[in-house]
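A short write-up of the structure that comes next.
The values are calculated or read from the model by the stated rules, or taken from the named source; none is laboratory data. Just so we're clear, the structure is a prediction, and the values are computed from it rather than from any experiment. All Cβ positions, glycine included, derive from the backbone under ideal geometry; neighbour counts span all protein chains shown. Note: accessible area is taken over every heavy atom of the protein model, side chains too, but ligands, DNA and RNA are not part of it. Shrake-Rupley method; radii C 1.70, N 1.55, O 1.52, S 1.80 Å.
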Amino acid sequence: DDGTVFRAPLLVAATGVLSVPYFPEVPGRESFRGEQYHTGLWPATPVELAGKRVAVVGTGSSGVQVIPAIAGEVAALTVYQRTANWCTPLNNAPITHAEQVRLRAEFESMCETLHTSVHGFLHPAHDRATFDDSEEERRAFFEKMWNSPGFAKLTSNYTDLLLDPAANAQWCAFVAERIRSIVKDPVTADMLIPKDHRFGEKRPPFVAGYYEVFNDEHVELVDLHESPIVRMTGTGIETTDGGRDFDIVVWATGFDFGTGALTRMGIRGREGLALDDYWADGPRTFLGVQSAGFPNFFFPGGPHAAAGNNPRYNGDQVDFITDTLVYVRDRGYCTIEVDPAAEEQWTGMVDRGATRAPAFGESSYFFGANIPGKPRKYLLNSAGRPKLHSMIADVVKNGYTAFHLS
C-alpha cells in the first residue's frame, strides 16, 4: 500500500487457513460506543476487563477459550451462542523436569511417529471398535478419553467413532452426561449440548473450566436461535427478546477458513485469470499446493492441505515444494505449472471423499459454511495424510509429469 513493487520468479503464499478474522454482518456495529475486539485480532497491549460488562459472541474454539479466561475478572459476562459445540477437556499441565528429560531422550522416536502418523499427532490409535467392548468397558474407556490430552479424544478413541453414527452417539451421550453433571442449571446445560451435529462433524474445541463458568451468577447464556441479534446500539446488543448494555464486546466469530487469505491477495494467473474467480465454486488444487493456470505459485497450508495436525501436514507440503523447486532449478526450468488433469483428479478425490464420510458435516467451517455466500466445498484433504504421501511419492517417481515444466 506504499507503492513498493517486488518482483520474483516464484511466489509461495504461506498465509495459513485461519488468518482472516470474520465479523458477522450485524447492523449498527459501527455505532457501538464501547470497546470491540475480535479474538483473532487481539491487541498486544492488555485489555482492561476488571469490573466491566462484557459480551462474548461465539462459542467456537476461540470463544470457549476466552470465556473462562476472562470470567473471573469481569463484573458481568453475557455469552451469545449460535451453535453449541462438543467441548472436552484440554487437560494441559506443566511439564515436570523429569518429563522434560524423557521428552528430550525420546525426541527422535517422537519425530518418527509424527512423520509416519496418519493424522500427524503423537496420540496412538486405538485397537478396537465401540461395540467390541461391553457397556461397562466402554464407559471406563470413555472416562479415560475424557481425561486424555487434547486431540486424543479424536485420534485415540474407538476406531469407528467417525464412521459409525451409532458409535458416535455413544460418545456424544457420554459427553452430554458430563456436561449435565458440571452445569447446575438443567436449562443452561441443555443449551450447551449440541443438537445439530455429531462429534467430529465440526472441529471439537478443547477447554479448561468452560462449563464451570456457567454456574457463576454473573454469567448469562443467550441462545441466538431463540433470540437472534437484531442490531447493535450505541450502548450494547439488541436481540429479539430485548437489549443488554455492555462496556466491551468480544467477537469470537471465527475465520474465513482455508481460502480466505488467498482469495483476498489479488492473485492473477495466465491471461489475467483471478484466483478468486477460478475458485468461485470452491478451491481446485493439486496436493493442496498449486492450481492450474497459476504457474510458479504455491500455497502450502491452504485448502485441501490437512485433515488432522495442520502444522504437520503443512510441513509435508513445504518439504515437497522445497524438493520440487530444487528439481526445477537444477534442471534449468523457469516455469512449473500443474497439469489440469492432475488437478481434476485430486480435487475430485477430495470432493468425493467428503460426501462419503459421515463425520464431515457440511454445517462446519470445514465446508466454508460459517461465511455467508461462500461455496460449500470441502476445504481439507478428505483422503488423509497417507494419500498425500503416496501421491507425492508418485509425482517424484514419475519425474514430475503431473506438472508442465518449461
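Placing one identical point scatterer on every Cα of segment 136-233 and ignoring solvent, what is log10 I(q)/I(0) from the Debye formula at q = 0.12 Å⁻¹?
Per q value, in the given order, log10 I(q)/I(0) is -0.47.
Could you work out the helix-only [θ] at 222 nm for the chain, with each DSSP H run of four or more residues adding -39,500 (n - 2.57) and the total divided by the number of residues, to the nearest 500 deg cm²/dmol?
Numbers: 13 runs with 134 residues, N = 406.
Helices in the chain give a 222 nm mean residue ellipticity of -10000 deg cm²/dmol.
In terms of the Cα gyration tensor, with a ≥ b ≥ c the square roots of its eigenvalues, is segment 53-207 rounded because a/c is under 1.5, prolate because a/b exceeds b/c, or oblate? Write out the running numbers ahead of the final one.
Details: a/c = 2.08, a/b = 1.27, b/c = 1.64.
Verdict is oblate for segment 53-207.
Find the centroid of the Cα atoms in segment 43-101 and in segment 302-338, then give the distance between the two in whole Å.
One Cα centre to the other: 36 Å.
Helix 107-116 versus the longest principal axis of the chain: what angle, 0 to 90°, nearest 10, using Cα atoms?
80 degrees
Expressed as an acute angle from 0 to 90° and rounded to the nearest 10, what is the orientation of the C-alpha long axis of helix 61-71 relative to the principal long axis of the chain?
Around 40 degrees separate the two axes.
Using the beta-carbon distance between Trp42 and Asp190 and R0 = 35 Å, what value does 1/(1 + (r/R0)^6) give for FRET efficiency, to the nearest 0.05?
Values: r = 31 Å, r/R0 = 0.89.
Result of the calculation: an efficiency of 0.65.
Please give me the summed charge of the neighbours of Gly236: other residues whose Cβ is under 15 Å from its Cβ, Lys and Arg +1, Asp and Glu -1.
Values: positive: Arg29, Arg33, Lys52, Arg53, Arg231, Arg244; negative: Glu30, Glu35, Glu220, Glu238, Asp241, Asp245, Asp247.
Around Gly236, the surrounding residues sum to -1.
With every protein chain left in place and a probe of 1.4 Å, what is the accessible surface of Tyr313, to the nearest 10 Å²?
Tyr313 exposes around 0 Å² with every protein chain in place.
R0 = 51 Å: FRET efficiency of Gln345 with Asn91, Cβ-based, nearest 0.05? Working shown, then result.
On the way: r = 41 Å, r/R0 = 0.80.
It comes out at approximately 0.80.
So which trypsin sites (Lys or Arg not before Pro) in segment 159-203 are both in a DSSP loop and have at most 14 other Cβ atoms within 10 Å of their Cβ? Before the final figure, lay out each step's value.
On the way: sites: Arg178, Arg180, Lys184, Lys195, Arg198, Lys202; in loops: Lys184, Lys195, Arg198.
Taking segment 159-203 and a limit of 14 other Cβ atoms within 10 Å, the loop trypsin sites (Lys or Arg not before Pro) found are Lys184, Lys195.
Would the chain count as rounded, prolate or oblate if I go by the C-alpha gyration tensor, calling it rounded below 1.5 in a/c and otherwise prolate when a/b exceeds b/c, oblate otherwise?
On the way: a/c = 1.92, a/b = 1.32, b/c = 1.46.
Oblate shape, in that a/c is at least 1.5 and b/c is the bigger or equal ratio.
Can you quote the Å³ per residue value for the convex hull of the Cα atoms in segment 320-364, rounded to an integer? All intermediate terms of the calculation are to be shown ahead of the outcome.
Working: hull volume 5.0 nm³, N = 45.
Spelled out: Cα convex hull of segment 320-364, divided by residues, is 112 Å³.
For the chain, what is the charge dipole size about the Cα centre, in debye to the nearest 20, if Lys and Arg each add +1 at the Cβ and Asp and Glu each add -1 at the Cβ?
On the way: 37 positive and 51 negative charges, 124 e Å.
Charge dipole of the chain: 600 debye, to the nearest 20.
Once the dipole of the chain is set up with Lys and Arg at +1 and Asp and Glu at -1 on Cβ about the Cα centre, which of Val175, Thr235, Val338 lies farthest towards its positive end?
Val338
Only bridges whose two residues both fall in the chain count here: according to DSSP, what percent of them are antiparallel, nearest 5? All intermediate terms of the calculation are to be shown ahead of the outcome.
Numbers: 13 of 36 bridges.
Of all bridge pairs located within the chain, approximately 35 percent are antiparallel.
For segment 204-280, state what percent of all Cα-Cα pairs lands in each successive 10 Å bin, counting from 0 Å until the bin that includes the largest distance.
For segment 204-280, the binned pair fractions read 13, 27, 24, 20, 13, 3, 0 percent.
Once you keep just the Cα pairs under 8 angstrom separated by 6 or more residues, what percentage relative contact order results for segment 234-285? Don't jump to the answer; show the numbers that get you there.
Details: 30 pairs, mean separation 9.6, N = 52.
It comes to 18 percent, rounded to a whole number.
When Lys and Arg each count +1 and Asp and Glu each count -1, what net charge do the other residues less than 13 Å away from Glu201, Cβ to Cβ, add up to? Can you show the working numbers first?
Working: positive: Lys195, Arg198, Lys202, Arg203; negative: Asp196, Glu362.
Net of charged neighbours comes to +2.
Taking segment 3-46, which trypsin sites (Lys or Arg not before Pro) meet the DSSP loop condition and have no more than 12 other C-beta atoms within 10 Å? Mind showing how you got there, number by number?
Numbers: sites: Arg7, Arg29, Arg33; in loops: Arg7, Arg33.
Those satisfying the criteria are Arg7, Arg33.
Which of rounded, prolate or oblate describes segment 68-131 when judged by the alpha-carbon gyration tensor and an a/c cut-off of 1.5?
Working: a/c = 3.18, a/b = 1.58, b/c = 2.02.
It comes out oblate by the Cα gyration axes.
Once the dipole of segment 52-193 is set up with Lys and Arg at +1 and Asp and Glu at -1 on Cβ about the Cα centre, which of Thr83, Val54, Trp146 lies farthest towards its positive end?
Val54
Check which residues have an amide H placed less than 5 Å from Val230's amide H, if you skip close sequence neighbours.
Sorted by chain and number, the residues that satisfy this are Glu238, Thr239, Thr240.
For the chain, which whole percent of the accessible surface, found with a 1.4 angstrom probe, sits on carbon and sulfur atoms?
On the way: 10490 of 19990 Å².
For the chain, the apolar C and S fraction of the accessible surface comes to 52 percent.
Show me the three semi-axes of the equivalent ellipsoid for segment 253-301, from the C-alpha gyration tensor (sqrt of 5 times each eigenvalue), largest first, rounded to whole Å. If you can, show how the numbers build up before the last one.
Numbers: eigenvalues 65, 32, 18 Å².
The equivalent ellipsoid of segment 253-301 has semi-axes of 18, 13, 9 Å.
Quick one: give the max-minus-min coordinate of the C-alpha atoms of segment 294-404 along each principal axis, largest first, in Å.
Largest first, segment 294-404 extends 47, 28, 25 Å along its Cα principal axes.
Tell me, in nm to one decimal, what length is gained between Arg376 and Asn215 on full extension, where the rule is 0.36 nm per residue of separation less the Cα-Cα distance? Each step should come with its number before you reach the end.
Details: separation 161, 0.36 × 161 = 57.96 nm, distance 3.74 nm.
Taking 0.36 nm per residue and subtracting the Cα distance, the gain is 54.2 nm.
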